[in-house]
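Following: one structure in structure tokens, then a few remarks.
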Amino acid sequence: MPDDVATWLKIIGAVSTAVGSILLAWRVKEILKWVVYCLVAHEQSLEQVRRLLSNQQQTEPMVGGGTKHLLDIESRLGVALLVTGFIFLALGMLATAASFFFGQSVTNV
């Protein structure tokens, strides 16, 4: 176990930065997942409109309101993960920077 403050600050900095990066990556993944869902629903609906315009039987339902769900997810989960991720990144960087003030100076003899 480390016994000096500088090493602990570096460890805290590394862990906090990693947690912040993971939270931001999770946010991006979740938003992209919902963007894909909306695009698939949009394409499905366009295909059904094409079928109806060609006097063919509609085979699947037309989906509406995809953007509402995307905006709901982005505003709830997206904002929370964004803020928390940046807070962890900032704390990690500050802890790493502070570790340099507690480091032992080595002098050449």
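The gain in end-to-end length when the Gln57 to Val35 segment is fully stretched comes to 5.1 nm, 0.36 nm per residue minus the alpha carbon separation.
Each of Ser99, Ser54 has some number of other Cβ atoms within 10 Å of its Cβ, and from fewest to most they run Ser54, Ser99.
About its Cα centre, the dipole of the chain is roughly 220 debye, where the only charges are +1 on Lys and Arg Cβ and -1 on Asp and Glu Cβ. Straight-line cross-link reach from Lys33 at under 17 Å between alpha-carbon atoms covers these aspartates and glutamates, not counting any fewer than eight positions away in the same chain: Glu43, Asp72, Glu74. Label separation (Asp4 vs Ala97): 2.2 nm, computed from points 7 Å beyond Cα along the C-beta direction.
When Lys and Arg each count +1 and Asp and Glu each count -1, what net charge do the other residues less than 13 Å away from Glu30, Cβ to Cβ, add up to?
Values: positive: Arg27, Lys29, Lys33, Arg76; negative: Asp72, Glu74.
Here the charged neighbours net out to +2.
Taking other C-beta atoms within 10 angstrom as a stand-in for reagent exposure, Met93, Met1 fall in the order Met1, Met93, fewest first. Can you list the lysines whose alpha carbon sits under 21 Å from that of Lys10, skipping same-chain ones fewer than 8 residues off? Output for Lys10: empty list, no partners. Loop sites by DSSP among the chymotrypsin sites (Phe, Trp or Tyr not before Pro) of the chain, restricted to those with at most 10 other Cβ atoms within 10 angstrom, leave 1-99 as the longest stretch without any of them. Taking every alpha-carbon pair under 8 Å whose residues sit at least 6 apart, the chain reaches a relative contact order of 53 percent. If you work out percent of Cα pairs over 25 Å apart from the coordinates, which of (1) 20; (2) 14; (3) 52 do you get? Only one listed value fits the structure, namely (3).
Listed by number, the DSSP H helices of the chain that run 18 Å or longer by alpha-carbon position along their axis and have mean Kyte hydropathy of at least 0.5 are 5-53, 79-99. The stretch between Trp26 and Leu46, if pulled fully straight at 0.36 nm per residue, gains 4.2 nm over its current Cα-Cα span. Taking 16 Å as the straight-line reach from the Cα of Lys68, the aspartates and glutamates in range (excluding those fewer than 8 positions away in the same chain) are Glu30.
FYI, it's all coordinate maths here, none of it is from the lab. What you are looking at is a predicted structure, and each value in this text was computed from that prediction instead of being measured. Cβ: placed from backbone, ideal geometry, glycine included. Neighbour counts: every protein chain shown.
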